[in-house]
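Since every read-out is calculated from the coordinates, none of them should be taken as a lab result. Predicted model, so just to flag it, every value in this text is computed and none were measured. Here Cβ is always computed from backbone atoms with ideal geometry, including for glycine, and neighbour counts include all displayed protein chains.
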Amino acid sequence: MLVDSHAHLEAVEDLEGALVRAKDAGVEKIVTIGTSLASSKKTIEIADSPSSVRLRSGLRGAKENFPEIYATVGLHPKDTREELKRLHYNDILKQLRSLVSASDKVVAIGECGLDYYERETGNNKQSLRFSQTAGLKQETSEKNKKYQRELFGAQIRLAAELKLPLVIHCRNGWSEIFELITNVKNYSSSETGGRIEKFSTRFARKARRASSNNKLRGVFHSWTGNWDDAKRALDLGFYISFSGIVTFQNAREIQEVARKIPFDRMLVETDSPFLAPDPVRGSKNEPKNVKIVAQFIAGIRNQTVDEVSSKTSANARKLFNLL
């Protein structure tokens, strides 16, 4: 049995076929991830009724032929600015809260976090959000960083209040991301928390009360940090999830983390349809390829594939409270 702990099913081509192939490969559960208010609604639709949702070619298969699907709701750091152009902070938080209550298939808040890099493509900046390369060129502006910090801080507090885990995206914002999480765990105000209080004092106060009574938990998805970063994440009580990046030849630091990490804190994922692992790198990724990630990790840890599959699945069930 395998759990793909992070996929974007609304973006997967031939979703019906991909779900059937995933089930045939031994994938029993998939967590499909929201990155904006609109995509979060789609994740719930897919999780609630995968056999009736129509995407591109449409889904026609019986539900029992698919893995069990769960959903998350949240704002990816690269989506925060656009959402803030449309909506007030309070409205964003209200909509996220409403989405959580819309379905019992919602198991986490996220994908949220900090992403401080972009790359240049011709005269245009192209987000590295789902890039399979490491061509990091130009830093994100201070204004965009501020937007990201504010909404990430809000989502941390929302997760604490609702007793849900966080799904965290981090690209070159490690120090700040650990600081923001620590501030909530220590029930104190941060720079971000102070800004949020201006817009929603009652919400921030309630969230801090909730966080004082509940252990904040979550997962750093598609890990790209080094071992020192990993130790800080582990010390905070978080899980670490590995995507196809861990299989890349130049991913030495990530592979070191995969070798050293405690077995009970590891998850595996595909981040489909992005980040396809070697040897299918460059193709459209899909959930069945989580087996390739598990096989690679088993090899570098000198464990069996069954051991990695079983333990990472148990870890995902525990973190997300999957039935």
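Listed cross-link partners Lys185/Lys291; Lys260/Lys311; Lys85/Lys145; Lys146/Lys185 are compared with a 25 Å cut-off, the Cα-Cα value being larger for Lys185/Lys291. Approximating the spin labels as points 7 Å out from Cα along Cα→Cβ, the Lys231-to-Ser310 distance works out to 3.2 nm.
Can you sort Thr224, Thr304, Thr312 by how many other beta carbons sit within 10 Å, fewest first?
Starting with the residue having the fewest Cβ neighbours, the order is Thr304, Thr224, Thr312.
As a proxy for reagent exposure, ranking Trp223, Trp174 by other Cβ atoms within 10 Å from fewest up yields Trp174, Trp223.
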